[in-house]
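Chemist: Would you mind keeping the following structure in view while I ask a few things?
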Amino acid sequence: MTLAQLQYLVALDTHRHFGDAATACDVTQPTLSGQLRRLEDELGVELIDRSRQPAVPTAAGEHIVEEAREVLAARDRLTTVASEIQDRVTGTLRLGLLPTLSPYLLPLLLPALETAYPEVSLVLREWPTTEILDALCTDALDAALIATNEAGPELHDRVLFTEPFVGYVAPSHRLAHRDALTPADLSLEDLWLLSEGHCFRDQVLQVCGRVSSTPQATAQFESGSLETLVRLVRNSGGMTLLPRLATHHMPETEQSTFVVPFADPSPTRDVRLVTRRRHKQRLVDAVVETLHDALPATVPPP
């Protein structure tokens, strides 16, 4: 039995597809399949139900998968301990981020992290909140940044920073050229929204005094991308709401023309760090420290 075989087994349980698991492990599918057969022969038990699609562990395989995850976590802890003995921060952190966060946060974080901790590497995954939490629970991720308080009791979470919302308003819109907005100013009739399934959509609806289950007969269009909403406002009018970090890459002329802040107290979202295990704590601390240093003054840490 080898650690590689256990890694292949865990990858197959995570991806439920031999080809995807092989890709994740950077091996060929025949290699992964053959090694899993050898593991089954050595243990004397069938681990994978190959008659089903997607591929799933057998009842016995589920127990072995859980033990394999523990063994691989122990391996990672040993690597971390060895680095600490040498007083080095080194290793790989698998980090999940929301689609409404990663395009704006990563350009701030990655260059700063490379400078401060050149031996730290990130494996980044951009997923919705539910997929991120599932990946944390199955050890497919080491840590994640989410914007809701949905972490279950098996996960650890803390607020990293609180991000204000701003309006992105076309110059022809009734709210253009305001010094500040209030939630009472907003109307869903001329507000571009993200599509269902995005937590930022639900937060915007809450600012407007609505809930996600409320019928939206007046909605014009819903998008899966904040950048698409920005282009719609620019080219078709109307307005949308953005998290503050989404405006920092914009030219000053665009910010002065389209971006309108909220009057205090501004609507905000808390961006939280979520982890399951603490075996990569020095890596997590390095990322958090670098992130706090990289945040602009408009989005301060708590």
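Chemist: Of all residues in the stretch 244-277 being charged (D, E, K, R) and part of a loop (DSSP other than H, G, I, E, B), which is farthest from residue 76 (Cα to Cα)?
Modeler: Filtering first and then ranking leaves 264.
Chemist: Here's another thing I want to ask about it. Filter the stretch 96-143 for residues that are in a loop (DSSP other than H, G, I, E, B) and more than 11 Å from the chain's Cα centre (by Cα); which is farthest from residue 294 (Cα to Cα)?
Modeler: Looking at residues that are in a loop (DSSP other than H, G, I, E, B) and more than 11 Å from the chain's Cα centre (by Cα), I get 138.
Chemist: Also, quick follow-up: From the set of residues in the stretch 230-248 that are among the basic types (Lys, Arg) and surrounded by fewer than 19 Cβ atoms within 10 Å (Cβ to Cβ), which is farthest from residue 185 (Cα to Cα)?
Modeler: It comes out as 231.
Yes/no matrix, rows are residues, columns are (1) of a type in the set (Gly, Ala, Ser); (2) at pLDDT 85 or above:
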position	(1), (2)
66	no, yes
74	yes, no
89	no, no
95	no, yes
100	no, yes
103	no, yes
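Chemist: Separate question: Tally up the residues in the stretch 157-207 that are surrounded by fewer than 16 Cβ atoms within 10 Å (Cβ to Cβ), at pLDDT 90 or above and under 24 Å from residue 95 (Cα atoms), please.
Modeler: 3
Chemist: Let me ask something else. Does the stretch 258-297 hold any residues that are within 18 Å of residue 178 (Cβ to Cβ), in contact (Cβ under 8 Å) with a residue 12 or more places away in the chain and surrounded by fewer than 16 Cβ atoms within 10 Å (Cβ to Cβ), and which are they?
Modeler: Residue satisfying the conditions is 263 alone.
Chemist: Could you figure out which of (1) crowded, with 17+ Cβ neighbours inside 10 Å; (2) not in a helix (DSSP H, G or I) isn't true of residue 64?
Modeler: It fails just one condition, (2).
Chemist: How do the pairs read when you match residues in the stretch 111-137 that are closer than 13 Å to residue 89 by Cα with residues anywhere that are of a type in the set (Ser, Thr, Tyr) and in a helix (DSSP H, G or I), using Cβ under 8 Å and keeping only pairs 6 or more apart or on different chains?
Modeler: Taking only residues 6 or more apart or on different chains, the pairs are 113/290; 116/290; 117/290.
Chemist: With outside the structural domain of residue 276 (by TED's automatic domain parsing), among the acidic types (Asp, Glu), under 30 Å from residue 273 (Cα atoms) and surrounded by fewer than 16 Cβ atoms within 10 Å (Cβ to Cβ) as the only criterion, which of 20, 49, 41, 26 stands out?
Modeler: Among 20, 49, 41, 26, only 26 is outside the structural domain of residue 276 (by TED's automatic domain parsing), among the acidic types (Asp, Glu), under 30 Å from residue 273 (Cα atoms) and surrounded by fewer than 16 Cβ atoms within 10 Å (Cβ to Cβ).
The values are calculated or read from the model by the stated rules, or taken from the named source; none is laboratory data. Note that this is a predicted model, so its numbers are computed, not measured. Methodologically, a virtual Cβ is constructed for each residue, glycine included, from the backbone with ideal geometry; neighbour enumeration extends over all protein chains shown.
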